[in-house]
Amino acid sequence: MSTAPSLPKVAPSRVMGFRDLFLFYVVTGISLRWIATAAGHGPSSLVIWFAGWLFLYIPLALSVIHLSSRYPAEGGFYVWTKLAFGEQAGFLSAWMYWVSNLPYFPAVLYFAASNVLFLHPALHQYAQKPIYFIAFSVFFLVGLTVLNILGLNLAKWVHNLGAIAMWIPALIVVILGFIAWRHFGSATSFAPRNFIPTARVQDMLFWSVIIFSFIGSESASLMAEEIRDARRNIPRALLLAGVTVALCYMLGTFCVLLAIPSAESSNLDGIAQAVAHTTSRLHLNGITEFAALFIVISNIGAAGAYLAAAARLPFVAGLDGYLPAAFGKLHPRYKTPWISVLSQGLFGILFVFLGQAGSSVAGAYNILVAIAVVITMVPFMFLFASMIRLESRHRFPDQLNNSASEASTSFTSFTSKTLGLIGFTTSAFATLLSLIPPPEEPHKLLYLLKLLGSAAALIALGLLIFHLGRRNFSPDFSDSSR
């Protein structure tokens with residue numbers, strides 16, 4: 001008879017309270033760079049924003065609340081997938097999530113670096129120089145890695161500052177958008193027909209990006225052992241952050257469209273560009289530089305938050321014996337999973353160079369985003385499938401310290417399964433959309449093969465690491481086959 005795999009146990013530091021948790025969800029759930037991308041697709045993007053929030057963020061947040069209440073442990077969806085589908089599926093979901101963050105780091109830091117150029121006209125000369133973007137990304141990845149090794153009690157202030165900094169440019173965009181509308185009229189037509197999404201290829205690719213932009217509510221559950229009163233604080237923080245995320249994305253996009261035509265919005269610097277365009281028309285000085293500075297800080301904070309969360313996955317894999325035991329060790333002084341954090345930082349730096357190789361700055365950014373979308377949705381499909389599978393069993397693993405009655409949530413079995421089905425379908429839909437080559441891509445078959453090949457290679461590598469680790473590092477596994 002099979003036994004449920006044990007849950008990883010670590011010595012809790014409990015350094016994150018409700019405020020820290022809410023700010024963590026804000027900085028991981030909102031990325032100002034997607035507002036620029038959305039504005040480039042006109043008023044119909046507002047409809048897509050709402051659909052993405054309704055069909056991904058809400059099912060994801062409620063699934064995390066439900067599962068983290070019933071199965072609280074360091075590792076989050078890694079633990080849930082392992083309980084639902086076995087050791088191999090759990091490891092594979094964690095592996096794909098971990099790997100998906102590697103192209104994320106240079107992508108979000110490239111966006112930050114592009115906004116630095118707005119701080120002074122003399123910096124514009126670096127806009128097409130890859131060496132600048134590489135140096136910027138490497139410098140901050142090294143700094144964030146060191147901070148996370150020193151401890152979450154220090155690193156969390158980077159996340160908190162990033163979340164707070166995010167509000168400054170968002171408020172500036174909103175205020176300037178309405179001022180521009182009052183003085184000059186709207187730069188974009190908001191006729192009802194413009195709100196209808198089209199089925200053009202470039203718009204369908206955009207849908208996958210919007211769905212991708214709503215992930216983040218799963219992140220803090222990876223550090224459950226470091227959250228004070230997780231069962232109480234995670235639901236409250238997630239629900240408040242959910243409203244915040246939706247409002248920021250939709251209102252920010254609307255106000256960018258008020259300020260500049262959608263055709264002038266750029267992926268890499270659209271927010272700062274909208275501010276610069278509007279302040280120039282209003283003859284206001286210094287606001288663009290001010291907004292750009294806080295955009296930079298917010299994106300550095302987001303990179304630090306995801307580095308902290310994703311680094312916990314190699315840690316619990318080391319505890320479970322799928323990676324060398326060093327990955328599951330805490331630093332003797334700082335009590336942090338320092339080998340896991342260090343490996344996350346080093347591989348992130350490697351992807352800075354891999355993404356840039358043979359590409360322009362814009363080309364490198366676009367391919368990094370495409371790869372991230374494809375491989376990121378795999379662990380989310382596992383998460384939603386686990387929601388359905390675990391609910392169907394109506395039981396709890398013996399290894400949990402908490403009884404089922406203590407872990408109850410307000411969701412019925414039907415509600416839980418419906419949330420899982422909606423989330424799984426949305427994640428699968430986003431994955432299929434992200435495989436469509438962009439219209440400007442001259443070698444569409446090669447583009448598709450590159451994305452599929454990357455995903456297949458990463459899955460194969462993950463399975464290889466799993467089986468090698470099972471054989472070499474954990475010889476005494478219980479049979480956990482389903």
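Only the coordinates and a few stated rules stand behind these numbers; no lab work does. Computed from a prediction, not measured in an experiment: that's the story for all the values here. A quick note on method: Cβ atoms are made from the backbone with ideal geometry, for glycine too, and the neighbour counts reach across all protein chains shown.
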Using eta = 1.002 mPa s and T = 20 °C, Stokes-Einstein with Kirkwood Rh from Cα pairs puts D for the chain, in µm² s⁻¹, at 94 µm²/s
Please arrange LEU419, LEU205, LEU452 by how many other C-beta atoms lie within 10 Å of their C-beta, fewest to most.
LEU452, LEU205, LEU419
To the nearest 10 degrees, the tilt of helix 444-472 (Cα long axis) against the first principal axis of the alpha carbons of the chain is 30 degrees
Anchor LYS82: lysines whose Cα lies under 25 Å away (excluding residues fewer than 8 positions away in-chain):
LYS9, LYS329, LYS417
For the chain, longest principal axis from Cα atoms; helix 361-393 axis from its Cα atoms; angle between them, nearest 10 degrees, is 40 degrees
On C-alpha positions alone, give me the angle between the axis of helix 287-310 and the longest principal axis of the chain, in degrees, nearest 10.
10 degrees
What is the magnitude of the charge dipole of region 18-472 about its Cα centre, with +1 placed on the Cβ of each Lys and Arg, -1 on the Cβ of each Asp and Glu, and no other charges, expressed in debye to the nearest 20?
420 debye
In nm², the average projected area of the convex hull spanned by the Cα atoms of region 141-234 is 10.4 nm²
